[in-house]
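> Take this structure, written in structure tokens, and hold onto it; I'll ask about it next.
The values are calculated or read from the model by the stated rules, or taken from the named source; none is laboratory data. Nothing here was measured: the structure is a model prediction, and the numbers come from that model. Cβ sites come from the backbone with ideal geometry, for glycine too, and all protein chains shown count toward neighbours. Accessible surface areas use protein heavy atoms only, side chains included; no ligands, DNA or RNA. Shrake-Rupley method; radii C 1.70, N 1.55, O 1.52, S 1.80 Å.
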Amino acid sequence: QVQLVESGGGLVQPGGSLRLSCAASGYNFGLKGMAWYRQAPGKQRELVASISPSGGSTVYADSVKGRFTISRDNAKNTVYLQMDSLKPEDTAVYYCNMQWSDYWGQGTQVTVSA
């Protein structure tokens, strides 16, 4: 069955960096777009970034443009989110999603705090 497993979250100081990974299995990864979402306490889940099946097209939320980079390695069935210049407002649980599906990972906590 489809599985999405995130890793790489943690505690980081403002201005720091983290790289999230999402390992996918159970389907043809290279045929599906992928996305990262996040949900902060008391807020709705929001789209952070998405990437096309080939990796040639990406979309970012305005709040992360220029700071976050989504990428994928279809040989490894993995999608990444490189997060630089992190801010306290980036604190949230980050989820991996197969685009246009109800398949989600379990989430990984990112906390940006001094």
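> Loop-only trypsin sites (Lys or Arg not before Pro) in segment 1-76, please: DSSP not H, G, I, E or B, and at most 13 other Cβ atoms within 10 Å. If you can, show how the numbers build up before the last one.
On the way: sites: R19, K32, R38, K43, R45, K65, R67, R72, K76; in loops: K32, K43, R45, K65, R67, K76.
Hits after loop and neighbour filter: K43, K65, K76.
> How many angstrom separate the Cα center of segment 1-39 from the Cα center of segment 66-92?
The distance from the Cα centre of segment 1-39 to that of segment 66-92 comes to 8 Å.
> State the antiparallel share, in %, of DSSP beta bridges confined to the chain, rounding to the nearest 5.
90 percent
> Once the Cβ-Cβ distance between Q3 and S52 is put in as r, and R0 is 35 Å, what FRET efficiency do you end up with, to the nearest 0.05? Present the calculation step by step, with values, prior to reporting the outcome.
Values: r = 21 Å, r/R0 = 0.61.
Here the calculated transfer efficiency is 0.95.
> What distance in nm separates the two pseudo spin-label positions at K65 and Q82, each 7 Å out from Cα along the beta-carbon direction?
2.0 nm
> State the percentage of accessible surface on segment 14-54 attributable to carbon and sulfur atoms; use a 1.4 Å probe and exclude ligands, DNA and RNA. Don't jump to the answer; show the numbers that get you there.
On the way: 1000 of 2040 Å².
Whole-percent figure for carbon plus sulfur exposure: 49.
> Need one value: the accessible area of E6 in square angstrom, 1.4 angstrom probe, rounded to the nearest 10.
Near enough 10 Å² of accessible area.
> With the cut-off at 1.5 for a/c, could you classify the chain from its C-alpha gyration tensor as rounded, prolate or oblate? Before the final figure, lay out the partial values.
Numbers: a/c = 1.80, a/b = 1.60, b/c = 1.13.
Cα axes put the chain in the prolate bin.
> Among the aspartates and glutamates, which have Cα under 20 Å from the Cα of K43 when same-chain residues fewer than 8 positions away are ignored?
Hits, sequence-local ones excluded: D62, E89, D90, D102.
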